[in-house]
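Novice: Got a structure for you, written out below as structure tokens; questions coming shortly.
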Amino acid sequence: MSEELIPKVKQMIIESLRIEGMSPDEIETDAPLFGEGLGLDSIDALQLVVAMEKDFGVVVPDAATGTKVFASVRSMAEYIAEHKK
């Protein structure tokens, strides 16, 4: 189930962070989102938390959970698949 969410998660990242000139295909599924990967920061993480709740009805309850959830696109998709209402 999480595999079919991957393109949707990539699109949500692009839209919620307003990343110009990037297509979902350009985001690596297993690359880190923070640091070396997309280079996101803590403000981006907050925007992704809000977008996940709005788009998928999934809540990230705390920072420790967020660290695991936002490790990669795949980890986000897996978390959404497990917790989607």
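Novice: Can you pull out the helices (runs of 4 or more DSSP H) entirely within the stretch 1-79 that have at least 3 residues that are among the aliphatic types (A, V, I, L, M) and buried (at least 17 other Cβ atoms within 10 Å of the Cβ)?
Specialist: The helices (runs of 4 or more DSSP H) meeting that bar are 2-16, 42-56.
Novice: Based on what the data block shows, is residue 62 at pLDDT 95 or above and of a type outside the set (Val, Ile, Thr)?
Specialist: Details: at pLDDT 95 or above: no; of a type outside the set (Val, Ile, Thr): yes.
The answer is no for residue 62.
The values are calculated or read from the model by the stated rules, or taken from the named source; none is laboratory data. In this text the structure is predicted, and so the values were computed from the model without any measurement. As a convention, Cβ positions derive from the backbone with ideal geometry for all residues, glycine included, and neighbour counts pool all protein chains shown.
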